[in-house]
Amino acid sequence: MIFRLISRNLGGLLGSLCLAHSVFAQSADKEFVRFPETTFAMERPGQAPGASARSIEQEITLAGFMIGATEVAQQSFEEVMGYNPSAAKGPQLPVTNMSWVEAIEYCNRRSKREKFEPCYNLETYQCDVRKNGYRLPTEAEWTFAARSSVIPRDRPELANLGSDNTKSIERLRSDLRERTVRAVGSYPPDDHGLYEMLGNVWEWTHDYFNTHSALLTKTEFPLGPGRGLERVLMGGSFRSGFWGRGSKAVAARDFRTGRPQDAKSKYTGFRLCRTIPAANFRSLTRAGREEWLAQFNQVPAEYRGKLGELSPVVPPDVDTVEEWKTVRQAIRAKWRRVLGSPSIDSPPEPLARLVRTDEEDFYTGKLMYLRTEKDSWEKIYLMRPKAPVRTPTPVVIVPYYDVDTPIGRNLGGRLYTASHVRQFGLHMARRGYVVLAVRWFGESYGEDYAEAVASLYERHPNWSGLGKWVWDSQRVLDYIATLPDVDTGNIGMIGHSLGGKMTLYATAMDQRITAAVSSEPGIGLSFSNYEDYWYLSDAIQKREEPYDHHELLGLIAPRPYLLIGGDSADSDRSWYYINAARSVYQLFQRPQDIGYYNHRQGHSPSPEALELALEWLEHALTRK
């Protein structure tokens, strides 16, 4: 593949954003144009509550991608697929009269021919955008790429569109005789070097069509609605009229419609897209195991081998695993004292009440309430993949404020955020894992946090908030043990922020969790708000015996544990805790099973951090 770099300042079109475009030579389809990761304001169909406008402008973040400079030509399609379904034939005409399903099959076949990773599961139609093969662009990618595909209304010769006639039958008949599809690259390119984004043929995108799909929160790397009856088509065709589409200019992004994914038309084609792998991390799918593991152990020179003010987890006179077990028992007993104890003699039998069942494209979801105490129930959401990674299937637990964010859908819970990089449960279900999202008791034990904590201390005066969570997590584990076709020997847990804290404590205090990832929990007691009374309270400032979280990491050993930081709650000083715990992992001859990745991009996981976190769990839960 040949690259030539083009740099342009798009000025007023994209504000101060400067994009570098790499163009890729591609046989009959000419070129690909490269767009780096970016955030932009995208107008989405939908209506804000109480507003009269039929669209909502929202901030969209896209990973780097490359998109075909032209629509896929018939020559290229026929070389890969062995047939040409187009109505009007010509090697350089865009291929038409193919369904969305045929388009993604072409993507997979061409990926294999060129030694790339196919993106599509042709049974479920799910697209794995982290792979490097060909795929259809998402609606957001297409819209961003087409931002300069605009022509003046009085210059219709610049695009292969229909007319603005809505009255004359004679003119319509003339258009039917004279207007036709043109060869790819026939019209002037836009400022990005993209041809015929406006007109010629409509183009399939990945997304389901939904006129009410707009979200009112920041959206990262959107793949559109999770289900629908039709797929989004963009750009218009040589037959499309441009009446009512702007008084002075006609834009490609204004041509949007939907068609069933098995529909075929002489007016519809497609162009290709590929994800650009991020340069600052190594995916397990493209790196050897040792190279992949090495990126979790890139300790800055000033932190290598240092513990800061922490005491060693492994005493100097402990040299074997057997000797460590005695130390571990003492540490666990200390932390049980820290967490406190409930006013309950024994846990209840596992019992869940079903609220609703959701049939989605790639999973069956069940919203339920799980009994955690005799008279207390906690919300959970169980996702069973329709294409499991194996049977029995490993399980991933995702704790958070509520179940909505981890599963990627708004169920009316509290603090829902439509953030791709926090939807751990959705991503793991898509990869074939059973997922159980669980709500934190602080969102359910009372009207607000103060009432929840008051109820906790009235019921259980000798318990802490994190002690209550550990109890709830163990009830989740008890329930998982009752499920058919799950691999209870491979149970992972992953959480962000509050969920990262919950993951740390639950994993340390229960051996049934076999692998874990915490994103930005604040790995040190002084790194976050652990003194709040819904966690440990100010008792940690009055503690008589020393303790800190490096001891919890020691309790987790030798099970795989990954810390994700972003220079917010967790920064380079978090290495002190990893270093201290690694001495325990070394006793088990598994020093590589504890790691730290700092993406340095703030509190939310970066796309690269998300990918590495998911790969960490996959590697841990499926390795022999």
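The values are calculated or read from the model by the stated rules, or taken from the named source; none is laboratory data. Just so we're clear, the structure is a prediction, and the values are computed from it rather than from any experiment. All Cβ positions, even for glycine, are placed from backbone atoms using ideal geometry, and neighbour counts span all protein chains on display. Calculation scope for accessible area: heavy atoms of the full protein, side chains included, ligands and nucleic acids excluded. Shrake-Rupley method; radii C 1.70, N 1.55, O 1.52, S 1.80 Å.
The residue list 610, 555, 597 was ranked by how far each Cα lies along the charge dipole of segment 554-624 toward its positive end, using unit charges on Cβ atoms, and 555 comes out on top. When both bridge partners sit in the chain, DSSP labels roughly 65% of those beta bridges antiparallel.
Going highest first, how would you order 288-299, 528-539 by mean Cβ packing within 10 Å?
My ranking of the peptides, most packed first, is 528-539, 288-299.
Here's the list of lysines a cross-link from residue 468 could span, going by alpha-carbon distance under 29 Å and ignoring same-chain residues fewer than 8 apart: 325, 334, 366, 374, 379, 501, 542. Of all aspartates and glutamates in the structure, the ones whose alpha carbon falls short of 20 Å from that of residue 248, not counting any fewer than 8 places away in one chain, are 43, 154, 157, 164, 190, 191, 196. On a 0 to 90° scale, report how tilted helix 607-622 is relative to the longest principal axis of the chain, with both axes built from alpha carbons and the result rounded to the nearest 10. So the inclination is approximately 60 degrees. Can you tell me the 0 to 90 degree angle between the C-alpha axis of helix 465-480 and the longest principal axis of the chain, rounded to 10? In the chain, helix 465-480 runs at an angle near 70 degrees to the longest axis. Projecting the Cα atoms of 503, 427, 224 onto the charge dipole of the chain (Cβ charges, centred on the Cα centre) puts 224 farthest toward the positive pole. Distance distribution note for segment 55-103: the fraction of Cα pairs above 16 angstrom is 51%. Working note: Debye formula, equal point scatterers on the alpha-carbon atoms of segment 66-182, no solvent; log10 I(q)/I(0) at q = 0.18, 0.22 Å⁻¹ is -1.07, -1.29. Accessible area per residue for the chain, computed on protein heavy atoms with a 1.4 Å probe, is 41 Å². Largest to smallest in accessible area, the residues 313, 321 fall in the order 321, 313 (1.4 Å probe, all protein chains included).
Computed over segment 527-624, the alpha-carbon pair-distance distribution with 5 angstrom bins reads 3, 12, 18, 19, 21, 15, 8, 3, 1, 0, each value a whole percent. Of all lysines in the structure, those lying under 16 Å Cα to Cα from residue 115, and not within fewer than 8 positions of it along the same chain, are 131.
Cα gyration tensor of segment 160-206, axes a ≥ b ≥ c as square roots of the eigenvalues: rounded (a/c below 1.5), prolate (a/b > b/c) or oblate?
Taking the square roots of the gyration eigenvalues as a ≥ b ≥ c, segment 160-206 is prolate.
Take each peptide in 81-90, 576-585, count the other Cβ atoms within 10 Å of every residue, and average; sorted highest first, the result is 576-585, 81-90. The accessible area of residue 326, taken with all protein chains in place and a 1.4 Å probe, comes to roughly 90 Å². Relative contact order of the chain, taken over Cα pairs closer than 8 Å and 6 or more residues apart, is 11 percent. Starting from the Cα gyration tensor of segment 582-624, take the square roots of the eigenvalues, sort them a ≥ b ≥ c, and report rounded, prolate or oblate (rounded when a/c is under 1.5, otherwise prolate if a/b is larger than b/c, else oblate). Because a/c hits 1.5 or more and a/b fails to exceed b/c, segment 582-624 counts as oblate. By accessible area, using a 1.4 Å probe on protein heavy atoms only, the chain has 48% of its surface on carbon and sulfur. From the square roots a ≥ b ≥ c of the eigenvalues of the alpha-carbon gyration tensor of segment 282-377, which class results: rounded (a/c under 1.5), prolate (a/b over b/c), or oblate? Oblate.
The solvent-accessible area of residue 358, taken with every protein chain present and a 1.4 Å probe, is close to 10 Å². From the Kirkwood radius over Cα pairs of segment 457-583, Stokes-Einstein at 4 °C and 1.567 mPa s returns a whole-number translational diffusion coefficient of 85 µm²/s.
For residue 598, the residues 5 or more places off, or on other chains, whose built amide H falls under 5 Å of its own are 565.
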